[in-house]
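The structure appears below as structure tokens.
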Amino acid sequence: MRPLGARAVRAWAAIETLPDGKTRLAVVEKVTRGGDLDDQEIADWIRDARRLATMEHPNLGRVRDVIIRDDEILVVSDYLDGALWSELGSKDPRPGLEMSLRVLVDVLLGLSAMHNLRDAKREPLHVVHGELTPDCVVVGLDGGARVVRPCRTRGDGNKSGRSANAYLAPEILL
């Protein structure tokens with residue numbers, strides 16, 4: 001339907017047709033082989049997306065599918081109706097303390113679920129968001145916050161000049 005702003009991985013809002021003929025809104029992220037990302041970064045992105053597709057949590061944007069074609073990879077996620085925390089936080093008046101704390105707790109719950117994801121043998125999968133910024137948090141119409149874009153390409157977070165670097169942990173920047 002339309003592109004979703006400037007991102008390291010190109011993304012679009014799309015209409016997904018379900019097997020029963022119904023439709024729903026989705027977010028489709030696309031990476032092309034031979035582009036800016038090397039094969040290892042793409043493989044890591046696919047691995048994390050597949051792992052996250054196994055879980056459902058109220059504070060995480062749900063990854064629905066990973067589609068691998070000849071030269072492109074698509075990750076399909078739920079489209080969440082709401083506003084980015086970066087947009088809400090920059091408006092006057094700014095969100096109050098109660099709303100800010102609710103968003104913080106919701107984000108921490110979503111990250112905790114992601115970080116505690118385990119395989120069938122109960123071994124940790126070591127999935128991390130890696131680039132959490134206010135642009136990765138959607139506050140829904142219900143007031144709940146959800147972490148989105150949980151799958152990202154690892155090499156993008158360390159490129160100099162990126163505004164997301166302001167949110168990276170010091171050990172990552174070093």
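Tabulated results
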{"item": "Ser100 of a type in the set (Ser, Thr, Tyr), in a strand (DSSP E or B) and closer than 22 Å to Leu141 by Cβ", "result": "no"}
{"item": "Residues of segment 33-51 that turn out to be under 14 Å from Gly130 (Cα atoms) and in contact with a strand residue (DSSP E or B) (Cβ under 7 Å, 6 or more places away or on another chain), as a count", "result": "2"}
{"item": "Unique residue being touching a Ser or Thr at 6+ places or on another chain (Cβ under 6 Å) and part of a loop (DSSP other than H, G, I, E, B) when the list is Leu37, Leu80", "result": "Leu37"}
{"item": "Single condition Leu108 does not satisfy, out of (1) more than 18 Å from Val137 (Cα to Cα); (2) open to solvent by 90 Å² or more (accessible area, probe 1.4 Å)", "result": "(1)"}
{"item": "Some residue of segment 40-62 being open to solvent by 80 Å² or more (accessible area, probe 1.4 Å), acidic (Asp, Glu), farther than 23 Å from Val139 by Cβ and part of a loop (DSSP other than H, G, I, E, B)", "result": "no"}
{"item": "In segment 6-34, residue farthest from the chain's Cα centre (by Cα) [restricted to those that are assigned to a loop (DSSP other than H, G, I, E, B) and touching a residue at least 12 places away in the same chain (Cβ under 8 Å)]", "result": "Gly34"}
{"item": "Residues of segment 111-127 classified as open to solvent by 80 Å² or more (accessible area, probe 1.4 Å) and either outside any helix (DSSP H, G or I) or among the hydrophobic types (A, V, I, L, M, F, W, C) (or both), total", "result": "7"}
{"item": "Considering residues of segment 83-97 that are of a type outside the set (S, T, N, Q) and not in a helix (DSSP H, G or I) only, the residue nearest to Cys136 (Cα to Cα)", "result": "Leu84"}
{"item": "Which numbered condition Ala8 misses (of (1) at pLDDT 85 or above; (2) in contact with a helix residue (DSSP H, G or I) (Cβ under 8 Å, 6 or more places away or on another chain))", "result": "(1)"}
{"item": "Qualifying residue in segment 66-74 (condition: open to solvent by less than 90 Å² (accessible area, probe 1.4 Å), closer than 18 Å to Pro3 by Cβ and part of a helix (DSSP H, G or I))", "result": "no"}
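The values are calculated or read from the model by the stated rules, or taken from the named source; none is laboratory data. All values derive from a computational prediction rather than experimental measurement. Please note: Cβ atoms are built from the backbone with ideal geometry, for glycine as well, and neighbour counts cover all protein chains shown. These accessible areas exclude ligands, DNA and RNA; they are computed on the full protein's heavy atoms, side chains included. Shrake-Rupley method; radii C 1.70, N 1.55, O 1.52, S 1.80 Å.
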